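Below you'll find the structure, written out as structure tokens, and then a few comments.
The values are calculated or read from the model by the stated rules, or taken from the named source; none is laboratory data. None of the values given here were measured: they were computed from a predicted structure. Neighbour counts run over all protein chains shown; Cβ positions are idealised from the backbone, glycine included. To get the accessible areas, we keep the full protein, side chains included, count just its heavy atoms, and leave off ligands, DNA and RNA. Shrake-Rupley method; radii C 1.70, N 1.55, O 1.52, S 1.80 Å.
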Amino acid sequence: MHAETTGTLRRDAIGLREVLFQSITAMAPAAAVAASIPAGAAFAGGSLPLAVLIALVACLFTASCVAELARELPAAGSVATYAARGLRPAVGFLVGWGYVFVETLVPPLLLLQLGFTTAGTLHEEWSSYPADLWWPWSVAGAAVIAVAGYVGVRASARFGTVLGIFEILVFLVFAVWLVGRAGDANTLSVFGTSHTAHGYTGVGGVFAGSVYTVLAFAGFEAAAPLAEETRDPRRTMHRAVLGAALGIGLFYVVTTYAMTVYFGPDRFARFGASGTASWDGVARASFGLFWVLVFLAVVNSTIANANACANVSTRTAFALARIRVLPHVLATLHPRHRSPVVGIAVQTVVAVGAVLGLGLAYDPVTAFLLLATVIVTVVVGVYIVVNLACAGYFLRRRREAFKPVRHLLFPLLGIAAFVPALLTAAGIPAFDFVTELSAPVSYAGPVVGVWMATGVVVVLVLIRRHPGRIAETARVHAEEPAPAGHRQDGAVSR
């Protein structure tokens, strides 16, 4: 059988459970709890649970906007289609251009974490295992993700569901255990401002902690690119995006509360991602072999997140390739599995190349920080544009369905929440708690700038030579026919 360069993704292949966990695993809940959220403890201290709660409310504004657009525009192009409809098709292309780029980089980011986490743990347990022999684990993870993607969205989504359930259960059980062991130390004062870190007192410390915590929510929109493969996509996408953001947000609040009251609110400012004052350290010191489950949950989270984001990158690339604003070969589908096989192959090559190239040129942790900075900077920028697109879409195209709170106030609040996160991720010292980035992590800004500048050149060429292709960015292929007067390649016919 030969692969097809035309056709559709497999319709009605998955339901709410699978797409819900597509977003959940893209948020990497176990990895976020163990590594991302503790970054806020340096500022919020023992008031970190309040910072997480504030971040949850802030992220729900943007999640609401994504959910509203996902219900209106069920398309594999997701954020690109939303921006094209709500703002301009050229803006939609640029959003898609940036989104494909960073979502392609998420799997190598997580594979690096898989490698150095596994190698470091094995070295700690058995000193004969080399601490720098991390790359075989990363390559093995890339192979697992490639196979899951190749056999189709149903298998890939169910694989992610199983992984997601495991990591959530491990940390919830651990959280209940911590709350029980805390006993009389349980207190609601951690939802106030009295336990912030020295030098960041009161509301200022909580705000700083919440900015770092907001970054742990990235990925709630990852269900949206699977719209064309989902049953009843309008209803399912809306529920999945909001459900993931709310559910995992509450999971973050519960687990952070549990560790804060167990460890001690007044000394929580020194809690971090590694060492004795970390989730792994506490599990090792106080809960015997339970630390193995915590370790496996974090490793599991890296694979699940990489799998989910590989689905996002390949589906978004497929959506842009079928209208020929990206190379048309990326729209190639497997004849039986209906998976974008060329996109999956490209994703795998990029993942392995980035992991080995950056990881060996620097070291895996530095490579991880560089990729993370690139990814978060673009993703937060995409969230800001999508908030604008929500307001634009309902004001310009669906005025009869416009609701001032949901379609104007929430987008504005979402933008206000993510602008500080964008400045923080980019290392722009607009606040006293933001640290300037040093080389090579500081290279992230020029990398993003060059990529987006290239996108501007591409869009200008397409507008001049193939204007119909840019216009196609706004089309919802699952429900709409091709515009009259346009051939398959988007050129105007006579």
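Somewhere in the stretch 160-181, is a residue in a loop (DSSP other than H, G, I, E, B) and of a type in the set (Val, Ile, Thr)?
So far as the stretch 160-181 goes, no, none of its residues is in a loop (DSSP other than H, G, I, E, B) and of a type in the set (Val, Ile, Thr).
For LEU333, which of the numbered conditions (1) over 24 Å from ILE37 (Cβ atoms); (2) at pLDDT below 90; (3) open to solvent by 10 Å² or more (accessible area, probe 1.4 Å) fails to hold?
(3)
When you check ALA67 against the structure, is it at pLDDT 90 or above and closer than 22 Å to ALA372 by Cα, yes or no?
Values: at pLDDT 90 or above: yes; closer than 22 Å to ALA372 by Cα: no.
Criteria not met by ALA67.
Hey, could you check the stretch 418-470 for residues that are polar (S, T, N, Q) and open to solvent by 20 Å² or more (accessible area, probe 1.4 Å) and say which is nearest to VAL206 (Cα to Cα)?
Selected residue: THR435.
Here is a yes/no grid of residues against (1) at pLDDT 90 or above; (2) closer than 21 Å to PHE21 by Cβ; (3) in a helix (DSSP H, G or I):
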| residue | (1), (2), (3) |
| --- | --- |
| GLY96 | yes, no, yes |
| TYR99 | yes, yes, yes |
| THR117 | yes, no, yes |
| LEU122 | yes, no, yes |
| PRO136 | yes, no, yes |
| ILE145 | yes, yes, yes |
| ALA148 | no, yes, yes |
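Which condition breaks for GLY288 when tested against (1) open to solvent by 10 Å² or more (accessible area, probe 1.4 Å); (2) touching a helix residue (DSSP H, G or I) at 6+ places or on another chain (Cβ under 9 Å)?
(2)
Provide a single number: the residues in the stretch 150-203 that are over 30 Å from ARG315 (Cβ atoms), among the hydroxyl-bearing types (Ser, Thr, Tyr) and open to solvent by less than 90 Å² (accessible area, probe 1.4 Å).
Final tally of qualifying residues: 6.
Can you list residue pairs whose Cβ atoms sit under 7 Å apart, with the first residue in the stretch 340-352 being in contact (Cβ under 8 Å) with a residue 60 or more places away in the chain and the second being surrounded by fewer than 18 Cβ atoms within 10 Å (Cβ to Cβ) and part of a helix (DSSP H, G or I)? Count only pairs 6 or more apart in sequence or on different chains.
That search, which allows pairs on different chains as well, returns VAL341/TYR150; VAL342/VAL329; ILE344/TYR150; VAL352/VAL139.
Among the residues that make up the stretch 277-298, is at least one of them among the polar types (S, T, N, Q) and touching a Leu at 6+ places or on another chain (Cβ under 6 Å)?
So far as the stretch 277-298 goes, no, none of its residues is among the polar types (S, T, N, Q) and touching a Leu at 6+ places or on another chain (Cβ under 6 Å).
Pick out the one residue from ALA208, ALA227, ALA197, ALA222 that is modelled with pLDDT under 95 and part of a loop (DSSP other than H, G, I, E, B). Full working, then the answer.
Values: ALA208 fails: part of a loop (DSSP other than H, G, I, E, B); ALA227 fails: part of a loop (DSSP other than H, G, I, E, B); ALA222 fails: part of a loop (DSSP other than H, G, I, E, B).
On inspection, the qualifying residue turns out to be ALA197.
Among the residues of the stretch 320-330, how many are among the hydrophobic types (A, V, I, L, M, F, W, C), open to solvent by 10 Å² or more (accessible area, probe 1.4 Å) and assigned to a helix (DSSP H, G or I)?
Going through the stretch 320-330 one residue at a time, the tally reaches 2.
Going through the stretch 123-142 one residue at a time, which ones are aromatic (Phe, Trp, Tyr) and crowded, with 24+ Cβ neighbours inside 10 Å? Lay out the reasoning, then the answer.
Within the stretch 123-142, the first condition is being aromatic (Phe, Trp, Tyr), and the residues that meet it are 126, 129, 134-135, 137.
Across the stretch 123-142, the qualifying residue is only TRP134.
Which of the residues that make up the stretch 85-94 are open to solvent by 10 Å² or more (accessible area, probe 1.4 Å) and part of a helix (DSSP H, G or I)?
Residues satisfying the conditions are ARG85, PRO89, ALA90, VAL91, LEU94.
Could you say whether any residue in the stretch 100-122 is open to solvent by 10 Å² or more (accessible area, probe 1.4 Å), free of Cβ contacts under 8 Å to residues at least 24 places away in the same chain and touching a Ser or Thr at 6+ places or on another chain (Cβ under 9 Å)?
Looking for residues that are open to solvent by 10 Å² or more (accessible area, probe 1.4 Å), free of Cβ contacts under 8 Å to residues at least 24 places away in the same chain and touching a Ser or Thr at 6+ places or on another chain (Cβ under 9 Å), one finds at least one in the stretch 100-122, hence yes.
Taking the stated definitions as given, is ALA321 more than 24 Å from GLU124 (Cβ to Cβ), among the small types (Gly, Ala, Ser) and free of Cβ contacts under 8 Å to residues at least 24 places away in the same chain? Show your work before the answer.
On the way: more than 24 Å from GLU124 (Cβ to Cβ): yes; among the small types (Gly, Ala, Ser): yes; free of Cβ contacts under 8 Å to residues at least 24 places away in the same chain: yes.
Considered against the rule, which asks whether it is more than 24 Å from GLU124 (Cβ to Cβ), among the small types (Gly, Ala, Ser) and free of Cβ contacts under 8 Å to residues at least 24 places away in the same chain, ALA321 comes out as yes.
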